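For reference, the structure is listed below as structure tokens.
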Amino acid sequence: MQITRQADYALRAILFLARQDSNIRSATSQIAEVQHIPPSFLAKIISQLAIAGLIHTSRGARGGVTLARPAEEITVLEVVEAIDGPMELNQCTLSSAVCPFGPACPLRALWCDTQDVLIERLRTTTFGRIVADERAAQE
């Protein structure tokens, strides 16, 4: 399983914003440069993150991008799903009907359990925690 490049860029953009003071608006050009994201690609990502309610955007000379909520309240799962949609390791995790072996498939339980663990980890990992861990490691 691999998240899309777009989701990876979205995670980097949110991480950049999480590192900033909450009252500072960041220019998308600055985010793109620092996080090595193609600016045209970032514009689409910023739009999706704003629609998902994860960031606020404003135009103009004093415009920019800020987190819509504190970094401690934004999870990695929210960002990935805002870009890629619901996570699923395999189609059968949503319904055993798509598997030719049905509910008796010996692998379905493994995929479902693994997906549950992954989703729980991403749901409980906030950007506030990531930034705090990063700062602690630098001390």
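The values are calculated or read from the model by the stated rules, or taken from the named source; none is laboratory data. It should be emphasised that the depicted structure is a prediction, and the values quoted were computed from it without experimental measurement. Positions of Cβ are generated from backbone atoms using ideal geometry, with glycine treated the same way; all protein chains shown enter the neighbour counts.
Summary of values
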| item | result |
| --- | --- |
| Qualifying residue in the range 29-41 (condition: under 21 Å from Ile130 (Cβ atoms), in contact with a Pro (Cβ under 8 Å, 6 or more places away or on another chain) and either without any contact (Cβ under 8 Å) to a residue 24 or more places away in the chain or surrounded by 12 or more Cβ atoms within 10 Å (Cβ to Cβ) (or both)) | yes |
| Qualifying residue in the range 109-126 (condition: at pLDDT below 90, more than 17 Å from the chain's Cα centre (by Cα) and either of a type in the set (Ser, Thr, Tyr) or in a loop (DSSP other than H, G, I, E, B) (or both)) | no |
| Count - residues of the range 45-70 that are surrounded by 14 or more Cβ atoms within 10 Å (Cβ to Cβ) and closer than 21 Å to Ala7 by Cβ | 15 |
| Inter-residue pairs, beta-carbon under 8 Å, first under 22 Å from Ile130 (Cβ atoms) and modelled with pLDDT under 95 and in the range 71-95, second of a type in the set (Asp, Glu) and part of a helix (DSSP H, G or I), 6+ apart | Met87/Glu81 |
| Residue among Val80, Val65 that alone is β-branched (Val, Ile, Thr) and either assigned to a loop (DSSP other than H, G, I, E, B) or under 15 Å from the mean Cα position of the chain (by Cα) (or both) | Val80 |
